[in-house]
Amino acid sequence: MLFIANWKMNPTSLKQAQKLNKNIKDKLKKINKEKKAKVIICPPTIFLSKLFQKNKLIQYGVQNICFEERGAYTGEISVLMAKDQGANYSIIGHSERKQIAGEDNYTISQKVNLCLANNIKPILCVGENLQEKNHAKTGLVIREQLQIALKNVKINDIEKIIIAYEPVWAISSQDNARPGTPDSILGASIIIRKELLNLYNHDVATNIPVIYGGSVSKDNVLDYSGNSNLNGFLIGSASLNAFDFSQIIEKYIQSAQKQT
């Protein structure tokens, strides 16, 4: 199971980031003895080199990369910089990047391919906004996002990608955000796997990791435990508290073990 922490623009000091990182490690030592959970932390890039350590408990990623490998792009982070600082993953196409920075599906496609070319695994976010959801366009939106983002991705590279279903209306930073229901998430995960079947083959559609992100907490994580299509979670605000984050992991692992 994958548990990916997206710290966004938090915390605001290196000291706080190091403390949070250590607290999460300490919790994982107690709950992940059987290595059932794969934990990836995506801190603010400015802290990455100070947090990165090669260990079996945590891997690290960045929250975004530039659409070009190098050049005069003031304020951007190159995929080469991210790799040099210890990143093995990058979140690509988060809805906040789409809304705030105006990223479109074609820019996201560029970033996906840059990651793959530089041995960084993309965490590709797809999902609809509230208006699209209310107009029953969830499937249309997800299929289009996948078709464009994966257009130039060869079959020997697709297995390196993690797909995060991240409906905009469920993200905690949104006004009146609410977690996705188990049925809506199951439906979206089926759409994702069917589109992967159309684009690639049955093995890809079955084996590629599909995770969910959107107001996941220690109080609602068990609502999703019956969805065999899910391989984990992209966790925002709850990952800023080591206890809450560890509770999400522990509860979900225990629930999965009971079902096997």
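A few comments on the model shown:
- Estimated D of region 45-99 in µm² per second, where Rh is the Kirkwood radius over Cα pairs and Stokes-Einstein applies at 10 °C, 1.306 mPa s: 132
- Every Cα-Cα pair in region 175-260 was counted, and those over 21 Å apart are 35% of them.
- Residue-span extension gain [Leu57 to Lys151] - 0.36 nm each, minus C-alpha spacing: 30.5 nm
- Distant-in-sequence amide contacts of Lys121, defined by a placed amide H-H separation under 5 Å and a gap of 5 or more residues or a different chain, comprise Tyr89, Ser90.
- Note on Ala136/Ser49: beta-carbon distance plugged into 1/(1 + (r/R0)^6) with R0 of 30 Å gives a FRET efficiency of 0.10.
- Taking every alpha-carbon pair under 8 Å whose residues sit at least 6 apart, region 1-126 reaches a relative contact order of 22 percent.
- Rg in Å to one decimal, and Dmax rounded to a whole Å, for the chain via C-alpha atoms: 17.2, 53
- Residues Lys38 and Ala72, FRET efficiency given R0 of 35 Å [Cβ-Cβ distance, rounded to 0.05]: 0.40
- With a simple spin-label model that places each label point 7 Å from the Cα along the Cα-to-Cβ direction, the separation between Asp183 and Phe243 comes to 3.5 nm.
- Computed on the Cα trace of region 46-197, the radius of gyration divided by the Kirkwood hydrodynamic radius gives Rg/Rh = 0.97.
- Gained length - Glu159 relative to Asn10, 0.36 nm times residue gap less alpha-carbon distance: 50.6 nm
- Amide H to amide H, with H built 1.01 Å from N, Ile235 comes under 5 Å of Ile4, Ala5, Asn6, counting only residues 5 or more places away or on other chains.
- Normalising the average separation of contacting C-alpha pairs (under 8 angstrom, six or more residues apart) by the number of residues puts the relative contact order of region 2-259 at 20 percent.
- Packing-based ranking of 84-90, 122-128 yields 122-128, 84-90, ordered from highest to lowest mean Cβ neighbour count within 10 Å.
- Applying the criteria of a DSSP loop state and at most 15 other Cβ atoms within 10 Å to the trypsin sites (Lys or Arg not before Pro) of region 13-98 yields Lys33, Lys35, Lys36, Lys54, Lys56, Arg70.
- Length available on full extension from Leu80 to Asn207: 0.36 nm per residue minus the Cα-Cα distance, which gives 42.9 nm.
Computed from the coordinates by the stated procedures, all read-outs in this text should not be read as laboratory data. The shown structure was predicted, so the numbers you read here are calculated from the model rather than taken from an experiment. Glycine gets a Cβ as well: all are built from the backbone with ideal geometry, and neighbour counts include every protein chain shown.
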